[in-house]
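The values are calculated or read from the model by the stated rules, or taken from the named source; none is laboratory data. Everything quoted here is computed from the prediction, not taken from an experiment. Note that we place each Cβ from the backbone using ideal geometry, even for glycine, and neighbour counts take in every protein chain shown.
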Amino acid sequence: MRKHAARGILAATAFAVVSCSAPAPEDPGAGTIGVAFETLQTEFWVAAIDAIRSELDARGMTMLEAIADGDANKQLEQVRGFIARGVDGIILVPRDGKSVIPMVRAANDAGVPIVLFNRPPDPSSARSVAVVADNLAIARATGEFLCEQARASGERKKAAILVGDLGDQNAIHRRDGFGEAMAGCEDAVEVVSRIPTEWNQEKALAGVTNALQAHPDLGLIFTSSDFMLPSIVSALRTAGKYHEAGEEGHVILGGFDGDVTAWRMLADGYLDATGVQDVFFESEASVQALEDLRRGAEVPPVILDEGFVIHSGNMEEVQGRMWGARVAQRATRGGRGGA
């Protein structure tokens, strides 16, 4: 097993293990893997599917690809189609933790190992492996860094958080992680606005605009996804509050994901920090989990991506692990722009 995959399995927080329904050979060979994504509408998902494709290719595996465009019923049919074509394993990004359970059961019934990428299932008897970011811990660490920035400013900051779709466990964990950080930062930060977005840019823009009107002295904003940074920037520009770190009137900004926009804002001095999901670890761990399941090995049902927080003080050290930085640098070199 590769070094990173081993690290993730050790970090798993579960008591049970998952195995194939029937013993598999020690060396199952290359095989064909069905990869089904709920959407490719953000840079994160594009980077993720590119990373999975590269990982499968490096191991000599064939990849079948399906995109559900947000339709859970369509994704269930895609999974059934993979099974009918005799795939040796499935990597799946579900719409949510509930709708994925019939898909997992279909794979279980067919004896096909299945790994859920970045989104865990709701509790059930269906058997899968989920490779997920430790959203709670990463958001908490990001919030703690923002808290220290607020303390260093010498003034108590009013803060807003942009909350994602609460039907998504990732959004809930990010909200809660930030909340835990702020609970220990009441001397430096007062959270005055919690903005529901449902992962929608228009709602994010309206919410930040309203928050700035209600609190013109807003001094800190955390977004549960870097995807919504453009809406935050637009609202701040309109309010005349978009300034680099160190400039008078700078609003402390933090995010979560590690996308291209976050990287460029960090490099330009406007973003203070973002919590990064390690797409490359998650991709490698997902493929490794399938290989282990195909060999009949026991695999924890949850493999955690510990992620990291990137900020101006550690940019040079960790940028190679930030998927958005890689995408941006590849685009600058005239490449395709994938991860």
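Data for the structure
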{"quantity": "Hey, Met265 touching a Ser or Thr at 6+ places or on another chain (Cβ under 9 Å), surrounded by fewer than 24 Cβ atoms within 10 Å (Cβ to Cβ) and not assigned by TED's automatic domain parsing to the domain that holds Asp50 or not", "calculated": "yes"}
{"quantity": "From the options Gly296, Gly324, Gly313, residue that is of a type outside the set (Phe, Trp, Tyr) and in a helix (DSSP H, G or I)", "calculated": "Gly324"}
{"quantity": "Members of region 218-230 that are in contact with a Lys or Arg (Cβ under 9 Å, 6 or more places away or on another chain) and over 19 Å from Asn170 (Cβ atoms)", "calculated": "Leu218, Gly219, Leu220"}
{"quantity": "Selection within region 75-96 - charged (D, E, K, R) and within 23 Å of the chain's Cα centre (by Cα)", "calculated": "Arg95, Asp96"}
{"quantity": "Among the candidates Ala285, Ala328, residue that is touching a Gly at 6+ places or on another chain (Cβ under 7 Å) and farther than 30 Å from Gly154 by Cβ", "calculated": "Ala285"}
{"quantity": "Members of region 152-193 found to be among the charged types (D, E, K, R) and either surrounded by 15 or more Cβ atoms within 10 Å (Cβ to Cβ) or under 10 Å from Phe222 (Cβ atoms) (or both), listed by number", "calculated": "Arg156, Lys157, Lys158, Asp165, Asp168, Arg174, Arg175, Glu180, Glu190"}
{"quantity": "Verdict on Phe37 being buried (at least 16 other Cβ atoms within 10 Å of the Cβ), at pLDDT 95 or above and in contact with a helix residue (DSSP H, G or I) (Cβ under 9 Å, 6 or more places away or on another chain)", "calculated": "yes"}
{"quantity": "Test: residue in region 245-254 that is closer than 30 Å to Ile33 by Cα and touching a residue at least 40 places away in the same chain (Cβ under 8 Å)", "calculated": "no"}
{"quantity": "Number of positions in region 266-285 that are in a helix (DSSP H, G or I), more than 30 Å from Ile90 (Cβ to Cβ) and of a type in the set (Gly, Ala, Ser)", "calculated": "1"}
{"quantity": "Search result, residues across region 194-227 that are buried (at least 16 other Cβ atoms within 10 Å of the Cβ) and among the hydrophobic types (A, V, I, L, M, F, W, C)", "calculated": "Ile195, Trp199, Ala204, Leu205, Val208, Ala211, Leu212, Leu218, Leu220, Ile221, Phe222, Phe227"}
{"quantity": "Every residue from region 30-74 that is aliphatic (A, V, I, L, M), under 18 Å from the mean Cα position of the chain (by Cα) and under 18 Å from Val287 (Cα atoms)", "calculated": "Val35, Ala36, Val46, Ala47, Ala48, Ile49, Ala51, Ile52"}
{"quantity": "Whichever residue in region 107-139 is over 23 Å from the mean Cα position of the chain (by Cα) and in contact (Cβ under 8 Å) with a residue 60 or more places away in the chain and, among such residues, is nearest to Glu306 (Cα to Cα)", "calculated": "Asn108"}
